[in-house]
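Encoded as C-alpha cells, the structure appears first; notes follow it.
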Amino acid sequence: METYTFEKVWQTINELAVQHKETEKVLSEKFLETDKKFQETDKKFQETERLLKEKSMDSEKRWKEIQEELGGIGKSNGAIAEDFFYSALEKSMSVAKLNFDYIDRNFNRKRNQIQAEYDIILYNDYKVLIVEVKYNFKKKYLLEFYQSLKKFKSLFPEYKDYKLFGAIAAMTFEKEVLDEAKDFGFFILTQNNQDVKILNDNDFEPNVIK
C-alpha cells in the first residue's frame, strides 16, 4: 500500500491545480470562440435585417412612384378628355335638339354640408345640361354623377326653376355603362374625329332631373 507523505499530497494538489487551470483555460478559449462566432452570426443577422429593410423601403418607394406615375397618366387622360369635349361643345353649343347660349367648366361649390363639382355646364335662360367627363367611363361613376345632379339646385339656387339634364362623355365606356346611362335618362357623348357623337337612339328623350 502506497504511503502518502506531505510532499506527495502537496505535489498531487499542485498537479490538480495545474490541470484545473488548463481546463479553465481551454473552456475560456472555447467560450471566447463561441462568443465570437455568436457575435459574428448576430452581426450577419443584423446586416441581413438591414438589407431586407433597405430592399423593403426601396420597393415601397418604387411602388409609390409607380402609383404616382399611373395617377399622373390617369389625370392627364382625364384632362385631355375634358379639353376635347369642352372645345367640341363650345363649337356646337348644342346636344341633340337642345341648344344653349353659354358654356362653362369646372363648377365647384360648397354650401352648408353639401358639396359637388361639375365638369362642363351648358345653359340658356330656362335649361341646364351638366356633362360629366371621364377618359374611360366606369359603371360606378353613374350613380355618383346622378347624386351630384340631385345636389345642383341646392348648390346653385339661381337655377332652381330651370330644367336640368345630364350627360356623360368619354372616349371609352365599360360594357354596362351605355344601357344603364339610358335608364338614368342621360345623354351619352363620345369622340368622333373633332366632333361629339351622340350614342343615344334617335328617339331618345332625356329625363328632367328633379
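A short reminder: the numbers here are calculations on the coordinates, not readings from a lab. What you see is a predicted model, and the numbers here were worked out from it, not measured in a lab. Cβ: placed from backbone, ideal geometry, glycine included. Neighbour counts: every protein chain shown.
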**Complete:** Expressed in angstrom, Rg and Dmax over the Cα atoms of the stretch 68-210 are 14.5, 44
**Message:** Report for the stretch 119-182 the percent antiparallel among DSSP-assigned beta bridges with both residues inside it, nearest 5.
**Reply:** 30
**Item:** Within-11-Å neighbourhood charge of Tyr123 [Cβ basis; K, R +1; D, E -1]
**Value:** -2
**Request:** Tell me the label-point distance for the pair Asp195, Gln115, using the 7 Å Cα-to-Cβ offset, in nm and rounded to one decimal.
**Result:** 4.1
